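Student: Okay, handing you the structure first.
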Amino acid sequence: MRVDWETEICVIGGGPAGSTIACRLGLFGHKVLLVEKHDFPRTHVGESLSPAILPLLDALGVRERIQTERFLRPDQALIRWRNQTSYI
């Protein structure tokens, strides 16, 4: 089966970054096609949202909806990059 889509922008990957940019571009009036390899929803063990994500969720207009879900609510996130460790 062949399907033809008319689109200006194709975003590959429906994770947090891909879905965010696809949403924002759509809000700006672009015709966006978002391509994701995996079915959703899918189980992720230990998934959480760091507090630093809240301004982005506000900008997308989804903070209230996300906060009603059962994500873990850490006070900070541990970041390890090579030999450095920091908390945000």
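Student: HN-Hα J couplings of region 14-20 from phi, Karplus 6.51/-1.76/1.60, θ = phi - 60°, integer Hz, Gly and Pro as x?
Tutor: So the J values, rounded to whole Hz, are x, x, x, 5, x, 5, 5.
Student: Still on this model: Using helices alone, what [θ] at 222 nm do you get for the chain, with -39,500 (n - 2.57) per DSSP H run of 4 or more residues, divided over all residues and rounded to the nearest 500?
Tutor: That comes out to -7500 deg cm²/dmol.
Student: Something else: Given H placed on each backbone N at 1.01 Å, which residues far from Val11 in sequence or on other chains put an amide H within less than 5 Å of it?
Tutor: Residues meeting the amide H criterion: Leu33, Leu34, Val35.
Student: To the nearest 20 Debye, how big is the dipole of the chain about its Cα centre, given +1 on the beta carbon of each Lys and Arg and -1 on that of each Asp and Glu?
Tutor: About 260 debye.
Student: Go through 19-26, 59-66 and give me the packing order, highest mean Cβ count within 10 Å leading.
Tutor: 19-26, 59-66
Throughout, read-outs are computed from the coordinates displayed, never taken from laboratory work. The model shown is predicted, which means the values in this text are computed figures rather than measured ones. FYI the Cβ positions are ideal-geometry reconstructions off the backbone, even for glycines, and counts take in every protein chain you see.
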